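Presented below is the structure to which this report refers.
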Amino acid sequence: MEPKEVLRKFVEAFNNADVDGLADLYSDYAVNHQVAEKPVKGREAIRRMFANGFAQAKMTCIVENMFEDGE
């Protein structure tokens, strides 16, 4: 999958509050580090992070610019 395709899938899943779709974009050993939070390690922990976030607020991801360069 090309990087832009991954981003498009992420935005679509995020805007649909699709926790499983978001988590599936991460490896089992991924680390998600939101600026104001401690790093979240592992796909299942990342899935819980998104589920908790969507339970607290309606969130929307708006892409203003998307760049892809090289591999």
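The values are calculated or read from the model by the stated rules, or taken from the named source; none is laboratory data. Here the structure is a predicted model, which is why all the values come from computation and not from measurement. Backbone-built Cβ (ideal geometry, glycine too); neighbour counts: all protein chains shown.
Just give me the residues in the range 26-42 being among the β-branched types (Val, Ile, Thr) and surrounded by 13 or more Cβ atoms within 10 Å (Cβ to Cβ), in sequence order. 40, the sole residue that qualifies. The residues of the range 38-63 that are among the charged types (D, E, K, R) and closer than 20 Å to residue 11 by Cβ, listed by number, are 43, 47, 58.
Taken residue by residue, the range 37-58 has at least one member that is in contact with a strand residue (DSSP E or B) (Cβ under 9 Å, 6 or more places away or on another chain) and in a loop (DSSP other than H, G, I, E, B).
Checking each residue in the range 1-25 for being closer than 22 Å to residue 57 by Cα and loosely packed, with under 12 Cβ neighbours inside 10 Å picks out 16, 20. In the range 9-36, which residues are over 12 Å from residue 49 (Cα atoms), at pLDDT 95 or above and either among the β-branched types (Val, Ile, Thr) or in a helix (DSSP H, G or I) (or both)? 9, 10, 11, 12, 13, 14, 15, 21, listed by residue number. Is it the case that the range 60-68 has a residue that's among the charged types (D, E, K, R), on the phi < 0 side of the Ramachandran plot and surrounded by 10 or more Cβ atoms within 10 Å (Cβ to Cβ)? Yes: one or more hits. For the range 1-40, taking the residues that are in contact (Cβ under 8 Å) with a residue 12 or more places away in the chain and of a type in the set (Lys, Arg), the one that is farthest from residue 65 (Cα to Cα) is identified as 9.
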